[in-house]
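Values in this text are rule-based calculations from the coordinates and carry no lab data. Treat the numbers as computed from the prediction; the structure is a model and nothing was measured. Every residue, glycine among them, receives a Cβ derived from its backbone with ideal geometry; neighbour counts consider all protein chains shown.
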Amino acid sequence: MSQQKACAILLGLALGDALGYVVEFQSLASIKQRYGQRGIEEPPHPARYSDDTQMTIALAEGLLDAGLTAPLDAQMTAVSARFITWKNSPDNNRSPGATCMAGVHNLEQGLPWREAGIAGSKGCGSAMRVAPIGFLYHDDLEKLRRVAEASSLLTHRHPAAVAASIAAAYAVALALAGIPTAEYLPRIAQFVDGISEEFDQALRRIGHVGAWGDEERALAHIGEGWVADEAVAMALYCVLCYPNDYAACVRRAANINGDSDSVACIAGGIMGARLGMSAIPVDWLQRLENYDGLVDLADRLERAVKLGK
C-alpha cells in the first residue's frame, strides 16, 4: 500500500467536503442556476471544509492520543476529549449537526460514551467522519468494526447510523485493499448484515438504479443524504459511477438535492483510498485550507500503522 494513502484519504475527503460545503443547503435547481447546468465543478479559493472534516480530524487525533492497540474504553475516552475540544472551539462555526452537538454535550456532562449518543438519531454525523478508522484498521476488520461502532455511539446510537458508520469505514478498507468496485456492495452488505434493515434497504436502492442512465434521478431515488443510511449509499453510488475519476466522483456527490458536503466528503475519502494522491487535482490541493496540518496528521497516521501502536 502506498505510503501516501493516508494523505490521499484526508485530503480527498476534505476537498469533497469543501466542494459540497459551498452548496450544502441549496437545491440542485438552485445550484445549476448559480453555476450552470453541470453544477459546481471545483472548490472555492480558499477551499474551506465544514464540521465534517473537523470531526474527522478530532476522531483521528483521539485515536492517536490513545494508541491503536489501547482498550476501546481508553480510545473512546480520548476521542470524546477531542470532540469536546472541537465543540468549544471558536472554529466550530460551520453549521455543526444538532445531534453531534447534543451527543458531545452529553459527553461533556459526564455521560458514559456508550450512552452519550442520541438514540433516535440516524443523522450522517457519525458516518461522515470514520475514514481514518478505515485506514488505521484496514488489516484488522474486526477491530475496524468495533471502533467504528463505538465512535458512532458517542453521538448517534440509532442502528442505521451505526451500520452506516461501520460501512463507510469498511469501504475505505476495501478501497485500500484494491477490491474491485463491483464487489463493494455485496461485501458491505455482508459486513453489516443484521445491524439495520434501514441501511440494508438503502444499499438495495443502489441496486435499483444501477442501470439507470439519469444519475440525478438515481441519486434522488436513493435519498438526500441527511441521514446516515442515505449519505453512505449515495456516496457509494457516486464511487460506482466514477471509480477511476476522483474529481468527477465528488462533483457528482456535491451536486444533489441534500447534504452535499457529507456525501462528497464520504465519497472523497473512499476515492482517495482507492486512487491515491495523483488522482486529486493539484490546483484543488493548492487552495485547501489547513493543507499542512492535514498532511502532518496523515504522516502521523501512517507512522502509527507502521509501528502498530
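Here are a few things to note about the model shown:
- In the chain, taking the dipole from charged Cβ atoms about the Cα centre, the farthest positive-side position among GLY272, ALA231, CYS100 is held by GLY272.
- Estimated distance in nm for a label pair at ARG38 and ASP296, the labels positioned 7 Å out from Cα along Cα-to-Cβ: 3.7
- A compact globular protein would have a Cα radius of gyration near 2.2 N^0.38 Å; the ratio found for the range 155-274 is 0.93.
- DSSP-loop chymotrypsin sites (Phe, Trp or Tyr not before Pro) across the range 199-270, with at most 16 other Cβ within 10 angstrom: TRP212, TRP226
- Separation between Cα centres of the range 1-57 and the range 150-174, rounded to whole Å: 21
- Looking at the range 1-100, the trypsin sites (Lys or Arg not before Pro) that sit in a DSSP loop and have at most 14 other Cβ atoms within 10 Å of their own Cβ are ARG38.
- Positive minus negative residues near THR85 (Lys, Arg vs Asp, Glu; Cβ under 14 Å): -3
- 3J(HN,Hα) from dihedral phi, the range 292-307, Karplus parametrisation 6.51/-1.76/1.60, rounded to Hz, x for glycine, proline: 4, x, 5, 5, 4, 4, 4, 4, 5, 5, 4, 5, 4, 5, 4, 7
- Computed over the range 5-307, the ratio Rg/Rh where both radii use C-alpha atoms and Rh is Kirkwood: 0.93
- Computed Rg/Rh of the range 112-165, alpha carbon atoms with Kirkwood Rh: 0.97
- Taking 0.36 nm per residue of separation and subtracting the Cα-Cα distance, full extension of the segment from GLU224 to ASP65 would add 53.8 nm.
- Summing Lys and Arg as +1 and Asp and Glu as -1 over all other residues whose Cβ lies under 10 Å from the Cβ of LEU275 gives a net charge of +1.
- Overall form of the range 170-229 per C-alpha gyration tensor (a/c, 1.5; a/b vs b/c): oblate
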